[in-house]
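Input: a single structure, listed below in structure tokens.
The values are calculated or read from the model by the stated rules, or taken from the named source; none is laboratory data. Here the structure is a predicted model, which is why all the values come from computation and not from measurement. No Cβ is skipped: glycine too gets one built from the backbone with ideal geometry, and neighbour counts run over all protein chains shown. These accessible areas exclude ligands, DNA and RNA; they are computed on the full protein's heavy atoms, side chains included. Shrake-Rupley method; radii C 1.70, N 1.55, O 1.52, S 1.80 Å.
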Amino acid sequence: MTLGVVTRAVVVLAALAVKAAGECDCGSEFVQREGTHFVLNCERFDVHGYNAYFLFQQPYLAPKVFGHAQELNMNVVRVHTFADGYGNWKSLQTQPGVYNWQAWQDMDDMLHQAKQYGQKVIMTIVNYWEAYGGMDQYVAWSPTAWQRSQFYTDAHCKQTYKNHINQLVNRVNHNTGVAYKDDPTILCWQLINEGRIGVNTAISQFWSLQGWLQEMGAYIKSLDSNHMVNAGTEGWFGPQQISGYYHANYNPGSWATTLGSDFISDNSHDVFDFAAVHTYPDSWSPNTWTCYVPPGCGEWSEQQKLSFSSEWTKIHIQIARDILKKPLMITEWGKWPYWGQWSREQMFQQVFKDVQDNAPQISVGSVFWDLTCEGCPSTTKYSVAPWKGAEWQNVQDIKNHWWAVQAIDKSMGGLCQVDDEPQAPLPPPPSPPPPPPSPPPPSPPPPAPPPPGP
């Protein structure tokens, strides 16, 4: 291990220190992070969500999607708020600093409707992948960059990204007159969708992504102190030299260790309020991309996929709780119903159980991919279609998860201490009253939570 790598590992470990509990703002309308929990007005905030990436470009579908979400007791939607370049339908940014105002008004409309339906929005700012322009478009705009990985280090790419952040957080919604940075409907900013460098990344290159994450996280925090910020990487574990910890054996394959992303290092900086991870056992199964017809040719069995998903989720919860000391969100996860709905149902039940089992110690947000609607053009093999009879058990599991975490919250009581005003001294204790003739009967147990709706 070189001296430079040792020094960087020490810096990463030093950055793990976080704000102590007991200091949240009980009068805030914004969801905050308090230790390892999400809070809103000094109460635990449970992230029970879904992806609907298309909504900012198709806000007319929002009432359908948000209506289904309300019926399923869900409160958070993750939306891709990026589209760059002339070749993308409803681009936000056609050239650096040149904006399509109709697309921005569509995003205004989506946020306005989210507020009406009680949905908090995760806003993802740029795409690693080429879809919707992504990092490739920023590289194409730069006179000094020529490959995707240079997005993280090229001065022109970084300045164009910062300019776009400035435009985004200061955008004033034409429906409400409220700037995005002042809108509590927005849950958080996510810097990138599935940020990484690429396969076979040298150890010396991992720091280009981590340096970019820290720089951009600090920049957006300097403009917007209201909202939480997340890095937006997928949760891969890099080599031990990167963070000082060895977890690469949990990756779905050795290829994941070389992608230039490391869960601990990516999320350790104190500008990030929570860590995030994705979980796709079908896509990550060995030989998935060469075996197109299930059961394929050597890929994991359904039980192996579920076992991997469980271990992957649990190790990220453990690291977020014990090392990063931050909440966790599973911001994308899903299951193909290869053999019918039962395999998807099992994964949903498993993820929800992991969230519930850890709820007293850490907030673990669940944001599955994806929720669709009648007439939505974006239906995929992962999509949950709640109006279909075959999805009945899945729908019940999603509803029941909300009631379960709410019951846990109620049993745990308040989370924050209000220290804004000095406490008055306690009065002297009164004289003890005479003992009653007999002890009162024990209080009956509290009623069970109401059953989920049909």
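Protein heavy-atom surface of the stretch 206-275, 1.4 angstrom probe: 47% of the accessible area is carbon and sulfur, with nucleic acids and ligands not counted.
Candidate cross-link partners of residue 162 among the lysines, defined by an alpha-carbon separation under 17 Å and a same-chain spacing of 8 or more, comprise 181, 221. Gyration tensor over the Cα atoms of the stretch 26-86: the corresponding equivalent ellipsoid has semi-axes (square roots of 5 times the eigenvalues, largest first) of 27, 16, 10 Å.
Computed with a 1.4 Å probe over protein heavy atoms only, the accessible surface of the stretch 103-218 comes to 35 Å² per residue.
Within straight-line reach of residue 381, meaning a Cα separation under 28 Å, sit the following lysines at least 8 residues removed in sequence or on another chain: 64, 90, 120, 305, 314, 335, 353, 399.
Peptides 64-72, 42-50, 251-259, ordered by how many other C-beta atoms sit within 10 Å of their residues on average, highest first, read 42-50, 64-72, 251-259. Here residue 89 and residue 411 are evaluated by their C-beta separation; at R0 = 51 Å the FRET efficiency comes out at 0.60.
Using a 1.4 Å probe on the protein heavy atoms, what percent of the accessible area of the stretch 99-150 belongs to carbon and sulfur?
50 percent
Report note on the peptides 244-250, 132-138, 159-165, 388-394: ranked by the mean count of other C-beta atoms within 10 Å, highest first, their order is 132-138, 159-165, 244-250, 388-394.
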